[in-house]
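What follows is a single structure, written as structure tokens, with notes after it.
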Amino acid sequence: MGRAPADEERVKERARSWVLIGLAVLLGVGVGVGAAVVTGRDGSEAVDQDDLAEPSTVSLPPQQVGNAIGFLDAWDRFRNGTFVVDLRFERTVSGKDEPLVSDGILVQQPPRRIVRAFGNESSVYADGAQTCELGDDSSSLCSAARPTEPYDVQVARELSILSQYFSGDSPLYRVEAPTPGCFRLFLYRAMPLPPYGDLAQFCFDAATGAMTLFETTTASGSDRSIAQGITTTVTEADFGRS
């Protein structure tokens, strides 16, 4: 028996809601989720380059500090790389047998970045950002374009926020590096809606710096994006809609 129309729409809405979060993380802008809770700021102030110090070593074991710095270095390289990544997105909900899945793509040529999946597209350009819901016949419904900061300022802000997640007497996350190029973030300090869930894993390609795996896990399920292929040749056609 097929799903009722209302059920189908709820499934689509859950997919759209999740993919906007997943796309934001891949685009970088998702790093700020929860930043105001962690830092006490609203995220609107400028980031001073002098603030981008290594994570505080207070109460952190030496290995944790090294792992955190390694993750920040990998993130910096990822955000400054040029590549096209074919992706598979998966969302598994606790108690449900079948995950929500979608093929997608990340095209990055700083300062331009586009991610598409689940019929959605999130894009960042030199002077703005936009999210669109793509139609089947090349039509689309897009949000109003919003201005963005210069690319290097965006990356600096992300690194500053991430470094604070690993700093202080009671860091939000502790970082492990189980294999070269991979990092696991374990929630250390409880907070409502932590930015990367209870557990997150990030893996980066050694050759290109591209993110090959991003996974978050909570009590309600898990979200994953997995690289299926990577190329460093980026063309204008890649930024067009397929």
Report task. If a/c stays under 1.5 just call it rounded; otherwise compare a/b with b/c (prolate if a/b is bigger, oblate if not). Do that for region 56-176, with a ≥ b ≥ c from the square roots of the Cα gyration tensor eigenvalues. Result -> oblate
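Please report 125, 196 as a ranked list, fewest other C-beta atoms within 10 angstrom at the top and most at the bottom.
Result, fewest neighbours first: 125, 196.
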Report task. Starting from the Cα gyration tensor of region 98-242, multiply each eigenvalue by 5, take the square root, and state the resulting semi-axes largest first in whole Å. Result -> 28, 19, 17
Report summary line: Expected vector for region 200-212, Karplus 3J(HN,Hα) from phi with 6.51, -1.76, 1.60 and θ = phi - 60°, integer Hz, x for Gly and Pro, equals 9, 10, 10, 10, 10, 6, 5, 6, 10, x, 5, 6, 9
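Values in this text are rule-based calculations from the coordinates and carry no lab data. Since we're looking at a predicted model, the values are computed, not measured. FYI the Cβ positions are ideal-geometry reconstructions off the backbone, even for glycines, and counts take in every protein chain you see.
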